[in-house]
Amino acid sequence: MPINGRELIDAISILANENNVRVTVQQSGKGAIICAACCFVGGVLLGPAGLAIGGAAGGVTAYRMTKGNFRPLGDVIINDLSDAQKELLVQKVTDALKDVHPTDLALLLPLIMNNVSIQRAVLNTVVSFVSSELRLQIID
């Protein structure tokens, strides 16, 4: 039986969630700008003590503004990828595992889920794909 792409995507999603891999949703830069601006204003108004106060206030403000904008990679893979992107991801993962030569899904999925070195290879491939194709930043 040939490899079912949908089941492989589900396995990749489970693997990413088990390893607690998350991605940013275009908010890290915004948080950094907010934090830096508050630190700058605090420093101008209050001097060295203002840097600390502004940095703390900026950090809290950035946290509140970006809260909830970091999502599990498994959720992004399942819900946000188009069918073409999912097919490309399946192709990249199977290419990364070409030395294993599993042609049957019954052999591939347990191999991925039970072998740490294969899990690392799959996760590295997925992280590379998400970074290059989707332009999302990985949080590890």
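Where a number appears in this text, it was derived from the coordinates with a stated rule and is not lab data. Worth saying up front: this structure is predicted, and the values here are computed from it rather than measured. Positions of Cβ are generated from backbone atoms using ideal geometry, with glycine treated the same way; all protein chains shown enter the neighbour counts.
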Computed E for ALA56/LYS30 - FRET, C-beta separation, R0 25 angstrom, nearest 0.05: 0.85
Amide N proximity, region 55-74 versus GLN137 label position 7 Å along Cα-to-Cβ, cut-off under 12 Å: 70
Those lysines that a straight Cα-Cα span of less than 28 Å connects to LYS98, excepting residues fewer than 8 apart in one chain: LYS86
Amide H contacts under 5 Å for ARG22, placed H, 5+ residues apart: LEU73, ILE139
